[in-house]
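Reviewing the structure listed below.
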Amino acid sequence: MDDYALSFWIYMGVMSVFLGGTMKKFLASHVSAVPSLVAWLGAMLLVERLCAMCMPAVLALIVFCATCWLYSLWAAPAPVLPVEGKAVFITGCDTGFGHATARRLDAMGFQVFATVLDADGDGAKRLKSSCSPRLTLLQVDITQPQQVQQALLNTKDKLGMKGLWALVNNAGMCVNFGDAELSLMSNYRGCMELNFFGTVYVTKTFLPLLRQNKGRLVTISSPSGEQPFPCLASYGASKAALNLFIDTLRHELEPWGVKVSTILPSSFKTGHSSNTEYWEKQYQHLLQNLSPSLLEEYGEDYIMETKDLFQNFAKSANEDLSPVVNTIVKVLLSPQPQVRYYAGPGVGLMYFICSYFPQSLSDKFLQKLFMKKKVIPRALRKQNELNLIKDNNNDIISNNNNITRME
(Lines give C-alpha, C1' and ligand atoms only; values in the text may rest on other atoms or scores of the structure.)
Protein backbone atom coordinates (compact mmCIF):
# COMPACT_ATOMS: atom_id res chain seq x y z
CA MET A 1 0.00 0.00 0.00
CA ASP A 2 2.88 2.36 0.87
CA ASP A 3 4.61 1.61 -2.43
CA TYR A 4 1.37 2.34 -4.28
CA ALA A 5 0.95 5.67 -2.46
CA LEU A 6 4.55 6.68 -3.21
CA SER A 7 4.13 5.75 -6.88
CA PHE A 8 0.92 7.76 -7.01
CA TRP A 9 2.51 10.94 -5.68
CA ILE A 10 5.56 10.53 -7.91
CA TYR A 11 3.17 10.00 -10.81
CA MET A 12 1.36 13.24 -9.92
CA GLY A 13 4.67 15.10 -9.68
CA VAL A 14 5.89 13.87 -13.06
CA MET A 15 2.59 14.72 -14.72
CA SER A 16 2.56 18.20 -13.15
CA VAL A 17 6.03 18.93 -14.51
CA PHE A 18 5.12 17.72 -18.00
CA LEU A 19 1.75 19.43 -18.08
CA GLY A 20 3.22 22.70 -16.81
CA GLY A 21 5.98 22.58 -19.40
CA THR A 22 3.52 21.76 -22.15
CA MET A 23 1.22 24.65 -21.24
CA LYS A 24 4.17 27.02 -21.07
CA LYS A 25 5.29 25.99 -24.54
CA PHE A 26 1.77 26.26 -25.94
CA LEU A 27 1.12 29.74 -24.53
CA ALA A 28 4.45 31.06 -25.79
CA SER A 29 4.62 28.98 -28.98
CA HIS A 30 4.98 30.20 -32.52
CA VAL A 31 4.02 28.19 -35.58
CA SER A 32 7.66 27.16 -35.97
CA ALA A 33 7.56 25.62 -32.46
CA VAL A 34 4.61 23.33 -33.18
CA PRO A 35 6.75 20.22 -34.05
CA SER A 36 8.63 20.49 -30.73
CA LEU A 37 5.30 21.01 -28.97
CA VAL A 38 3.95 17.81 -30.52
CA ALA A 39 7.10 15.95 -29.44
CA TRP A 40 6.67 17.31 -25.91
CA LEU A 41 3.08 16.09 -25.79
CA GLY A 42 4.18 12.68 -27.06
CA ALA A 43 6.77 12.40 -24.30
CA MET A 44 4.14 13.38 -21.76
CA LEU A 45 1.79 10.62 -22.97
CA LEU A 46 4.62 8.09 -22.84
CA VAL A 47 5.42 8.94 -19.22
CA GLU A 48 1.71 8.91 -18.39
CA ARG A 49 1.39 5.37 -19.76
CA LEU A 50 4.46 4.15 -17.90
CA CYS A 51 3.16 5.57 -14.65
CA ALA A 52 -0.29 4.15 -15.30
CA MET A 53 1.28 0.68 -15.48
CA CYS A 54 2.13 1.03 -11.77
CA MET A 55 5.89 0.97 -12.22
CA PRO A 56 7.92 0.26 -9.07
CA ALA A 57 8.42 3.21 -6.77
CA VAL A 58 12.22 3.25 -7.23
CA LEU A 59 11.90 3.32 -11.04
CA ALA A 60 9.24 6.01 -10.82
CA LEU A 61 11.58 8.07 -8.61
CA ILE A 62 14.39 7.74 -11.17
CA VAL A 63 12.05 8.86 -13.97
CA PHE A 64 10.87 11.79 -11.87
CA CYS A 65 14.45 12.94 -11.12
CA ALA A 66 15.48 12.63 -14.77
CA THR A 67 12.42 14.59 -15.82
CA CYS A 68 13.15 17.39 -13.35
CA TRP A 69 16.76 17.56 -14.57
CA LEU A 70 15.75 17.77 -18.22
CA TYR A 71 13.11 20.36 -17.40
CA SER A 72 15.64 22.51 -15.54
CA LEU A 73 17.92 22.43 -18.60
CA TRP A 74 15.02 23.32 -20.90
CA ALA A 75 13.77 26.12 -18.66
CA ALA A 76 17.23 27.68 -18.11
CA PRO A 77 17.56 31.24 -19.44
CA ALA A 78 19.07 31.43 -22.91
CA PRO A 79 22.57 32.92 -23.19
CA VAL A 80 22.81 36.48 -24.47
CA LEU A 81 25.54 38.38 -26.28
CA PRO A 82 27.24 41.41 -24.70
CA VAL A 83 25.94 44.87 -25.62
CA GLU A 84 29.31 46.60 -25.49
CA GLY A 85 30.54 47.94 -28.84
CA LYS A 86 27.37 47.16 -30.79
CA ALA A 87 25.82 49.78 -33.08
CA VAL A 88 22.23 49.61 -34.35
CA PHE A 89 20.56 51.62 -37.13
CA ILE A 90 16.76 52.00 -36.72
CA THR A 91 14.34 53.55 -39.21
CA GLY A 92 11.08 55.29 -38.32
CA CYS A 93 11.82 56.53 -34.79
CA ASP A 94 9.40 59.48 -34.65
CA THR A 95 6.78 57.34 -32.87
CA GLY A 96 5.74 53.77 -32.16
CA PHE A 97 8.04 50.75 -32.18
CA GLY A 98 11.04 52.64 -33.56
CA HIS A 99 10.88 55.39 -30.94
CA ALA A 100 10.44 52.95 -28.04
CA THR A 101 13.21 50.67 -29.34
CA ALA A 102 15.69 53.53 -29.78
CA ARG A 103 15.17 54.60 -26.18
CA ARG A 104 15.43 51.03 -24.84
CA LEU A 105 18.61 50.20 -26.77
CA ASP A 106 20.23 53.48 -25.78
CA ALA A 107 19.45 52.77 -22.12
CA MET A 108 21.03 49.32 -22.51
CA GLY A 109 24.29 50.79 -23.84
CA PHE A 110 23.94 50.29 -27.60
CA GLN A 111 25.22 52.93 -29.99
CA VAL A 112 21.95 53.90 -31.70
CA PHE A 113 21.40 55.63 -35.06
CA ALA A 114 17.75 56.67 -35.08
CA THR A 115 16.13 58.06 -38.21
CA VAL A 116 13.19 60.45 -37.95
CA LEU A 117 11.02 61.99 -40.63
CA ASP A 118 10.78 65.31 -38.77
CA ALA A 119 13.93 66.43 -36.95
CA ASP A 120 11.96 69.20 -35.23
CA GLY A 121 9.00 67.00 -34.26
CA ASP A 122 7.95 65.87 -30.80
CA GLY A 123 9.44 62.40 -31.27
CA ALA A 124 12.87 63.76 -32.16
CA LYS A 125 12.78 66.19 -29.24
CA ARG A 126 11.93 63.41 -26.79
CA LEU A 127 14.82 61.29 -28.06
CA LYS A 128 17.22 64.22 -27.71
CA SER A 129 16.12 64.99 -24.17
CA SER A 130 15.86 61.43 -22.82
CA CYS A 131 18.73 59.57 -24.49
CA SER A 132 22.48 59.60 -24.01
CA PRO A 133 25.04 61.27 -26.32
CA ARG A 134 25.62 57.85 -27.88
CA LEU A 135 22.34 58.20 -29.81
CA THR A 136 22.61 59.89 -33.20
CA LEU A 137 19.49 61.43 -34.75
CA LEU A 138 19.26 61.39 -38.54
CA GLN A 139 16.52 63.02 -40.59
CA VAL A 140 15.68 60.47 -43.26
CA ASP A 141 12.74 59.86 -45.56
CA ILE A 142 13.48 56.31 -46.71
CA THR A 143 11.66 56.96 -50.01
CA GLN A 144 14.33 59.55 -50.88
CA PRO A 145 17.57 57.78 -51.98
CA GLN A 146 19.77 60.86 -51.49
CA GLN A 147 18.71 61.09 -47.83
CA VAL A 148 19.44 57.41 -47.29
CA GLN A 149 22.88 57.82 -48.85
CA GLN A 150 23.61 60.81 -46.62
CA ALA A 151 22.57 58.75 -43.59
CA LEU A 152 25.04 56.07 -44.66
CA LEU A 153 27.86 58.62 -44.83
CA ASN A 154 26.97 60.04 -41.41
CA THR A 155 26.84 56.55 -39.92
CA LYS A 156 30.21 55.61 -41.39
CA ASP A 157 31.77 58.78 -39.99
CA LYS A 158 30.52 57.89 -36.51
CA LEU A 159 31.48 54.22 -36.69
CA GLY A 160 34.95 54.70 -38.10
CA MET A 161 36.46 51.31 -38.86
CA LYS A 162 33.75 49.51 -36.87
CA GLY A 163 30.94 47.74 -38.70
CA LEU A 164 27.22 47.92 -37.99
CA TRP A 165 25.81 45.23 -35.70
CA ALA A 166 22.16 45.53 -36.75
CA LEU A 167 19.73 47.24 -39.08
CA VAL A 168 16.16 47.43 -37.77
CA ASN A 169 13.74 48.07 -40.64
CA ASN A 170 10.83 49.63 -38.79
CA ALA A 171 9.63 52.54 -40.95
CA GLY A 172 6.29 51.85 -42.61
CA MET A 173 2.71 53.00 -42.73
CA CYS A 174 -0.81 51.87 -43.57
CA VAL A 175 -2.05 54.72 -45.76
CA ASN A 176 -5.50 53.45 -46.65
CA PHE A 177 -8.61 51.63 -45.56
CA GLY A 178 -11.37 49.97 -47.52
CA ASP A 179 -12.12 47.11 -49.86
CA ALA A 180 -9.52 46.25 -52.50
CA GLU A 181 -11.83 47.53 -55.27
CA LEU A 182 -12.40 50.81 -53.43
CA SER A 183 -8.74 51.46 -52.59
CA LEU A 184 -7.21 54.15 -54.77
CA MET A 185 -4.23 53.32 -56.96
CA SER A 186 -2.34 56.13 -55.20
CA ASN A 187 -2.74 54.14 -51.97
CA TYR A 188 -1.31 50.99 -53.56
CA ARG A 189 1.64 52.96 -54.89
CA GLY A 190 2.11 54.81 -51.58
CA CYS A 191 2.25 51.57 -49.58
CA MET A 192 4.68 49.95 -52.01
CA GLU A 193 6.89 53.05 -52.13
CA LEU A 194 7.29 53.29 -48.36
CA ASN A 195 6.84 49.76 -47.02
CA PHE A 196 8.62 47.92 -49.83
CA PHE A 197 10.84 50.05 -52.08
CA GLY A 198 12.00 52.33 -49.25
CA THR A 199 12.88 49.40 -47.00
CA VAL A 200 14.60 47.55 -49.86
CA TYR A 201 16.76 50.58 -50.62
CA VAL A 202 17.76 51.09 -46.98
CA THR A 203 18.60 47.39 -46.66
CA LYS A 204 20.73 47.31 -49.82
CA THR A 205 22.51 50.51 -48.76
CA PHE A 206 23.50 49.28 -45.30
CA LEU A 207 24.17 45.61 -46.08
CA PRO A 208 27.94 46.12 -46.61
CA LEU A 209 28.23 47.39 -43.02
CA LEU A 210 26.22 44.41 -41.75
CA ARG A 211 28.31 41.92 -43.69
CA GLN A 212 31.48 43.49 -42.31
CA ASN A 213 30.30 42.77 -38.77
CA LYS A 214 28.36 39.54 -39.43
CA GLY A 215 25.45 41.35 -37.86
CA ARG A 216 21.67 41.21 -37.75
CA LEU A 217 18.96 42.29 -40.18
CA VAL A 218 15.67 42.77 -38.33
CA THR A 219 12.46 43.71 -40.15
CA ILE A 220 9.13 44.69 -38.61
CA SER A 221 6.50 43.31 -40.97
CA SER A 222 2.82 42.49 -40.49
CA PRO A 223 0.55 39.42 -40.39
CA SER A 224 -1.50 41.15 -43.12
CA GLY A 225 1.39 40.38 -45.47
CA GLU A 226 0.61 36.67 -45.10
CA GLN A 227 -3.06 36.48 -44.14
CA PRO A 228 -5.96 37.94 -46.20
CA PHE A 229 -7.23 40.55 -43.76
CA PRO A 230 -10.35 42.24 -45.18
CA CYS A 231 -9.88 45.88 -46.28
CA LEU A 232 -6.07 45.79 -46.07
CA ALA A 233 -5.20 44.74 -49.61
CA SER A 234 -2.78 47.55 -50.50
CA TYR A 235 -0.97 47.48 -47.13
CA GLY A 236 -0.90 43.67 -47.06
CA ALA A 237 0.43 43.44 -50.63
CA SER A 238 3.35 45.75 -49.77
CA LYS A 239 4.18 43.69 -46.69
CA ALA A 240 3.88 40.43 -48.65
CA ALA A 241 6.43 41.72 -51.14
CA LEU A 242 8.68 42.78 -48.26
CA ASN A 243 8.40 39.36 -46.58
CA LEU A 244 9.50 37.56 -49.73
CA PHE A 245 12.43 39.94 -50.22
CA ILE A 246 13.61 39.44 -46.64
CA ASP A 247 13.20 35.65 -46.81
CA THR A 248 15.27 35.59 -50.00
CA LEU A 249 17.96 37.68 -48.33
CA ARG A 250 17.99 35.24 -45.43
CA HIS A 251 19.21 32.46 -47.73
CA GLU A 252 21.66 34.66 -49.58
CA LEU A 253 23.24 36.21 -46.48
CA GLU A 254 23.77 32.93 -44.63
CA PRO A 255 27.28 32.40 -46.08
CA TRP A 256 28.18 35.90 -44.91
CA GLY A 257 27.17 35.13 -41.33
CA VAL A 258 24.39 37.75 -41.25
CA LYS A 259 21.32 36.59 -39.27
CA VAL A 260 17.97 37.66 -40.74
CA SER A 261 14.79 37.79 -38.66
CA THR A 262 11.24 39.02 -39.30
CA ILE A 263 8.94 40.21 -36.50
CA LEU A 264 5.18 40.00 -37.00
CA PRO A 265 3.38 42.09 -34.35
CA SER A 266 -0.25 41.89 -33.34
CA SER A 267 -2.36 45.05 -33.17
CA PHE A 268 -0.71 47.98 -31.37
CA LYS A 269 -1.55 51.65 -31.05
CA THR A 270 1.13 53.43 -33.10
CA GLY A 271 1.48 56.42 -35.40
CA HIS A 272 -1.83 57.86 -36.66
CA SER A 273 -3.88 54.86 -35.56
CA SER A 274 -5.67 56.67 -32.74
CA ASN A 275 -5.98 60.02 -34.53
CA THR A 276 -9.66 60.72 -35.31
CA GLU A 277 -8.79 63.53 -37.72
CA TYR A 278 -6.52 61.18 -39.68
CA TRP A 279 -9.31 58.66 -40.31
CA GLU A 280 -11.78 61.40 -41.22
CA LYS A 281 -9.28 62.86 -43.69
CA GLN A 282 -8.74 59.44 -45.25
CA TYR A 283 -12.49 58.94 -45.51
CA GLN A 284 -13.12 62.30 -47.20
CA HIS A 285 -10.19 61.76 -49.58
CA LEU A 286 -11.63 58.40 -50.62
CA LEU A 287 -15.10 59.84 -51.23
CA GLN A 288 -13.72 62.68 -53.34
CA ASN A 289 -11.61 60.42 -55.55
CA LEU A 290 -13.89 57.39 -55.89
CA SER A 291 -15.66 56.94 -59.22
CA PRO A 292 -19.42 57.79 -59.11
CA SER A 293 -20.35 54.29 -60.26
CA LEU A 294 -18.42 52.57 -57.44
CA LEU A 295 -19.76 55.04 -54.88
CA GLU A 296 -23.29 54.27 -56.08
CA GLU A 297 -22.82 50.48 -55.97
CA TYR A 298 -21.17 50.37 -52.54
CA GLY A 299 -22.92 53.32 -50.89
CA GLU A 300 -21.52 56.04 -48.65
CA ASP A 301 -22.91 54.32 -45.53
CA TYR A 302 -20.90 51.18 -46.37
CA ILE A 303 -17.68 53.21 -46.60
CA MET A 304 -18.59 55.12 -43.44
CA GLU A 305 -18.98 51.88 -41.50
CA THR A 306 -15.58 50.69 -42.70
CA LYS A 307 -14.00 53.93 -41.50
CA ASP A 308 -15.71 53.63 -38.11
CA LEU A 309 -14.60 50.00 -37.73
CA PHE A 310 -10.97 50.91 -38.51
CA GLN A 311 -11.09 53.79 -36.07
CA ASN A 312 -12.64 51.71 -33.27
CA PHE A 313 -10.21 48.86 -33.89
CA ALA A 314 -7.29 51.30 -33.65
CA LYS A 315 -8.63 52.82 -30.42
CA SER A 316 -8.87 49.39 -28.78
CA ALA A 317 -5.36 48.35 -29.86
CA ASN A 318 -2.69 47.57 -27.29
CA GLU A 319 -0.83 50.65 -26.02
CA ASP A 320 1.98 48.62 -24.41
CA LEU A 321 4.68 48.31 -27.09
CA SER A 322 7.01 46.26 -24.89
CA PRO A 323 6.26 42.87 -26.54
CA VAL A 324 7.70 44.15 -29.83
CA VAL A 325 10.58 46.04 -28.20
CA ASN A 326 11.48 42.99 -26.09
CA THR A 327 11.45 40.84 -29.22
CA ILE A 328 13.81 43.22 -31.05
CA VAL A 329 16.20 43.09 -28.08
CA LYS A 330 15.99 39.30 -28.10
CA VAL A 331 16.91 39.16 -31.80
CA LEU A 332 19.87 41.51 -31.31
CA LEU A 333 21.36 39.63 -28.37
CA SER A 334 20.50 35.98 -29.06
CA PRO A 335 23.44 33.88 -30.32
CA GLN A 336 21.04 32.05 -32.65
CA PRO A 337 17.97 34.24 -33.33
CA GLN A 338 14.88 32.69 -34.84
CA VAL A 339 13.82 33.35 -38.41
CA ARG A 340 10.39 34.64 -37.34
CA TYR A 341 8.94 36.06 -34.17
CA TYR A 342 5.28 36.66 -33.30
CA ALA A 343 5.04 39.60 -30.91
CA GLY A 344 1.93 40.48 -28.95
CA PRO A 345 -1.18 38.76 -27.61
CA GLY A 346 -3.18 36.55 -29.94
CA VAL A 347 -0.92 36.60 -32.98
CA GLY A 348 0.56 33.14 -32.28
CA LEU A 349 -2.93 31.68 -31.90
CA MET A 350 -4.03 33.37 -35.13
CA TYR A 351 -1.15 31.81 -37.06
CA PHE A 352 -1.86 28.41 -35.52
CA ILE A 353 -5.51 28.58 -36.64
CA CYS A 354 -4.66 29.89 -40.11
CA SER A 355 -1.95 27.24 -40.58
CA TYR A 356 -3.68 24.11 -39.28
CA PHE A 357 -7.44 24.68 -39.50
CA PRO A 358 -9.57 24.35 -42.66
CA GLN A 359 -9.54 27.41 -44.92
CA SER A 360 -13.22 28.14 -44.34
CA LEU A 361 -12.71 28.31 -40.57
CA SER A 362 -9.57 30.44 -40.76
CA ASP A 363 -11.31 32.90 -43.13
CA LYS A 364 -14.22 33.28 -40.72
CA PHE A 365 -11.76 33.73 -37.86
CA LEU A 366 -10.03 36.61 -39.67
CA GLN A 367 -13.34 38.26 -40.52
CA LYS A 368 -14.59 38.05 -36.95
CA LEU A 369 -11.22 39.12 -35.57
CA PHE A 370 -10.82 42.25 -37.67
CA MET A 371 -13.81 43.61 -39.60
CA LYS A 372 -17.22 42.80 -38.13
CA LYS A 373 -19.22 44.46 -40.90
CA LYS A 374 -23.01 44.67 -40.70
CA VAL A 375 -23.75 46.99 -43.65
CA ILE A 376 -23.66 45.35 -47.06
CA PRO A 377 -23.01 47.23 -50.34
CA ARG A 378 -25.97 49.22 -51.66
CA ALA A 379 -26.20 47.24 -54.93
CA LEU A 380 -26.47 43.97 -53.00
CA ARG A 381 -29.14 45.45 -50.76
CA LYS A 382 -31.22 46.42 -53.79
CA GLN A 383 -30.73 42.97 -55.26
CA ASN A 384 -31.82 41.35 -52.01
CA GLU A 385 -34.90 43.58 -51.90
CA LEU A 386 -35.82 42.63 -55.47
CA ASN A 387 -35.36 38.95 -54.68
CA LEU A 388 -37.56 39.36 -51.61
CA ILE A 389 -40.29 41.06 -53.65
CA LYS A 390 -40.01 38.35 -56.29
CA ASP A 391 -40.32 35.62 -53.65
CA ASN A 392 -43.36 37.33 -52.13
CA ASN A 393 -45.02 37.61 -55.55
CA ASN A 394 -44.34 33.94 -56.23
CA ASP A 395 -45.92 33.06 -52.86
CA ILE A 396 -49.02 35.13 -53.72
CA ILE A 397 -49.36 33.49 -57.14
CA SER A 398 -48.91 30.07 -55.59
CA ASN A 399 -51.59 30.78 -52.98
CA ASN A 400 -54.00 32.04 -55.65
CA ASN A 401 -53.46 28.90 -57.68
CA ASN A 402 -54.16 26.76 -54.65
CA ILE A 403 -57.40 28.66 -53.93
CA THR A 404 -58.50 28.28 -57.58
CA ARG A 405 -57.96 24.53 -57.47
CA MET A 406 -59.96 24.25 -54.24
CA GLU A 407 -62.89 26.12 -55.82
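The values are calculated or read from the model by the stated rules, or taken from the named source; none is laboratory data. Predicted model, so just to flag it, every value in this text is computed and none were measured. When we count neighbours, we look across all protein chains shown, and the Cβ atoms used for this are built from the backbone with ideal geometry, even at glycine. We work out accessible area using only protein heavy atoms, side chains counted, and drop any ligands, DNA or RNA first. Shrake-Rupley method; radii C 1.70, N 1.55, O 1.52, S 1.80 Å.
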Practice task
Provide the solvent-accessible area of Arg211, counting protein heavy atoms only and rolling a 1.4 Å probe, rounded to the nearest 10 Å².
Solution key: 80
Fill in the blank from the handout: Expected field for Asp320, accessible surface area in Å² at 1.4 Å probe radius, rounded to 10, holds 80
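State which entries of Lys158/Lys315; Lys259/Lys373; Lys86/Lys204; Lys315/Lys364; Lys158/Lys330; Lys162/Lys315 exceed 31 angstrom in Cα-Cα distance in the structure shown.
Lys158/Lys315; Lys259/Lys373; Lys162/Lys315
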Exercise for the section: Return the Cα extents of region 154-294 along principal axes one, two and three, sorted largest first, each rounded to a whole Å. Expected result: 59, 29, 24
Practice task
Output the relative contact order of region 71-194, whole-number percent, from Cα pairs under 8 angstrom with separation of 6+ residues.
Solution key: 25
Problem - Within region 75-190: Cβ-based charge dipole about Cα centre, in debye rounded to nearest 20 (Lys, Arg +1; Asp, Glu -1) - result: 540
Practice task
Could you order Lys372, Lys315 by accessible surface area, starting with the largest, using a probe radius of 1.4 Å?
Solution key: Lys372, Lys315
Practice task
Please list, or write none, the aspartates and glutamates whose alpha carbon is within less than 15 Å of the alpha carbon of Lys269, excluding same-chain residues fewer than 8 places away.
Solution key: Asp94, Glu319, Asp320
Practice task
For Met161 and Ser355, calculate 0.36 nm times their separation in residues minus their Cα-Cα distance, and state this gained length in nm to one decimal.
Solution key: 65.3 nm
Exercise for the section: Can you tell me which of 81-89, 163-171 comes out highest on packing, and rank the rest after it, using the mean Cβ neighbours within 10 Å? Expected result: 163-171, 81-89
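Sorted by mean Cβ packing within 10 Å, highest first, what order do the peptides 343-350, 120-127 take? If you can, show how the numbers build up before the last one.
Details: 343-350: 17.8, 120-127: 16.0.
The peptides rank, most packed first, as 343-350, 120-127.
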Problem - Whole-Å distance, taken between Cα centres, linking region 209-260 and region 137-183 - result: 14
Exercise for the section: Quickly rank 323-330, 377-384 as a protection proxy: mean count of other C-beta atoms within 10 Å, highest first. Expected result: 323-330, 377-384
